[in-house]
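The values are calculated or read from the model by the stated rules, or taken from the named source; none is laboratory data. This one's a predicted model, so the numbers in the text were calculated from it and none came from an experiment. All Cβ positions, glycine included, derive from the backbone under ideal geometry; neighbour counts span all protein chains shown.
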Amino acid sequence: MYNWKVAAYLRLSKEEFYGDKNSNSISNQKQIINLYIKENNGLKLVDYYIDDGYSGTDFNRPGFKKLLVDIKEKKVNTIIIKDLSRLGRNHIEVDNYLENIFPMMNVRFISIIENIDSYENPESLDNYIVPIKNLMNDAYAKDISKKVKSVLKSKKINGEFVGAFAPYGYKKSPEDNHKFVKDMETSYYVLLIFNSILKGETSGEIANELNKRNILTPERHIRKKILGKSSDDINEKWNAKMVTRILKNRTYIGDLIQGKKKVESYRNHKLIDANEEEWIIIKNHHEPIISEDKFNQVQEIIENSNARINKDGKVDLFYGYLKCGDCGSKFKKSGEYYYCESYARYKKCTKHSINRNKLINKVEENIKRKNKKIKEFDRNILFQLIDNIIIFDNGNIKINYKEKGSEINEQ
């Protein structure tokens with residue numbers, strides 16, 4: 001009697017939990033295969049090869065790849081599955097394995113439900129029902145994919161977060177798994193990142209500072225603090241791109257944004273960028289870490305090329321703080337002067353400007369008169385004390401301090 005060394009292959013996708021999950025459960029597949037082996041002489045089970053949570057639309061699955069390796073190494077020579085849909089739901093790939101790859105590898109293939117046995121009954125593979133069944137399995141995968149997408153989209157529209165982990169700076173609420181609450185540790189670092197940009201630091205400088213403090217990156221934080229695993233095997237440090245990604249994330253003003261990525265197709269699970277109009281945005285979903293005004297100010301700093309005009313790459317001292325007293329537009333720097341942007345671009349205001357050094361002297365004198373303890377005048381001081389500086393056509397300025405009732409006019 002031939003020695004049939006059996007590989008029992010079992011698979012269940014996440015999507016199938018929305019369908020008939022009981023009949024296709026891993027335990028149910030095991031029971032059916034074990035009973036088949038018991039009732040048929042000459043079959044000896046070597047191992048179970050399991051892909052739990054993997055789609056059948058592609059064959060990039062760890063259990064299946066291990067099965068192919070063991071076939072090549074002659075550890076097994078027989079594959080038994082509950083039904084053809086367990087092998088896969090891509091009819092082109094499944095047909096290729098049945099008609100070409102498995103025969104070439106001298107593998108006996110058994111599918112119990114369809115009564116297929118390539119050794120005992122070779123004609124069973126030629127039965128017209130096999131390609132039809134594969135087409136049906138393929139169509140099922142497409143249908144279930146649409147249903148899952150529909151369910152997830154409905155949840156997103158209803159303001160339910162469907163991701164595995166909350167964004168950096170937050171954690172899932174104990175009362176509602178679809179909501180966020182601030183994580184005291186990481187929300188502090190999010191605020192630090194935003195404030196550092198407003199103080200005039202670059203994304204690269206902020207990344208270096210976080211690395212000096214040995215602050216875990218978002219990925220390493222999830223691995224260590226949430227999953228309880230070692231993060232030492234992830235050779236990841238903060239970089240400018242990572243910092244900028246946080247600075248551009250509207251999550252931190254309280255908005256829930258989902259659908260920025262989408263699956264390319266039901267067969268190809270590669271994630272691609274979705275068009276911005278496809279994003280699902282829920283306002284005021286959770287408590288913000290940063291105010292919307294501060295967030296918008298940061299966006300201008302990191303996106304406007306004029307924000308980093310100094311030779312040392314620093315944000316200009318007054319960038320984001322200057323406003324026109326006549327039309328309310330922002331003031332932008334050109335050379336050694338600041339000009340009303342509305343006039344410079346659209347000629348919709350008067351042609352007024354102020355010399356940079358003159359402005360520095362006025363603001364510095366005003367600040368030091370207000371607080372005699374201040375010795376150094378820099379962007380950090382502006383960040384701590386000032387909301388904005390209004391510049392009028394006659395050359396006067398008005399400094400609006402963050403404390404109420406502390407507006408001071410400077411001639």
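Data for the structure
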| quantity | calculated |
| --- | --- |
| Number of positions in segment 206-261 that are polar (S, T, N, Q) and modelled with pLDDT of 90 or more | 8 |
| Leading residue by the ranking (nearest to Phe295 (Cα to Cα)) among those in segment 238-257 that are in contact (Cβ under 8 Å) with a residue 60 or more places away in the chain and not hydroxyl-bearing (Ser, Thr, Tyr) | Asn249 |
| Count - residues of segment 106-118 that are touching a residue at least 24 places away in the same chain (Cβ under 8 Å) and either under 38 Å from the mean Cα position of the chain (by Cα) or surrounded by 14 or more Cβ atoms within 10 Å (Cβ to Cβ) (or both) | 8 |
| Members of segment 81-117 found to be in contact with a Gly (Cβ under 6 Å, 6 or more places away or on another chain) and either within 21 Å of Val46 (Cα to Cα) or not hydrophobic (A, V, I, L, M, F, W, C) (or both), listed by number | Gly88, Arg89 |
| Failed criterion for Lys199 (all others in (1) under 18 Å from Ile289 (Cβ atoms); (2) surrounded by 19 or more Cβ atoms within 10 Å (Cβ to Cβ); (3) in contact with a Lys or Arg (Cβ under 6 Å, 6 or more places away or on another chain) hold) | (2) |
| Complete set of residues in segment 1-17 that are aromatic (Phe, Trp, Tyr) and either at pLDDT 90 or above or more than 34 Å from the chain's Cα centre (by Cα) (or both) | Tyr2, Trp4, Tyr9 |
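Table: residues versus (1) in contact with a Lys or Arg (Cβ under 6 Å, 6 or more places away or on another chain); (2) surrounded by fewer than 15 Cβ atoms within 10 Å (Cβ to Cβ).
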position	(1), (2)
Lys38	no, yes
Gly56	yes, no
Ile79	no, no
Asp83	no, no
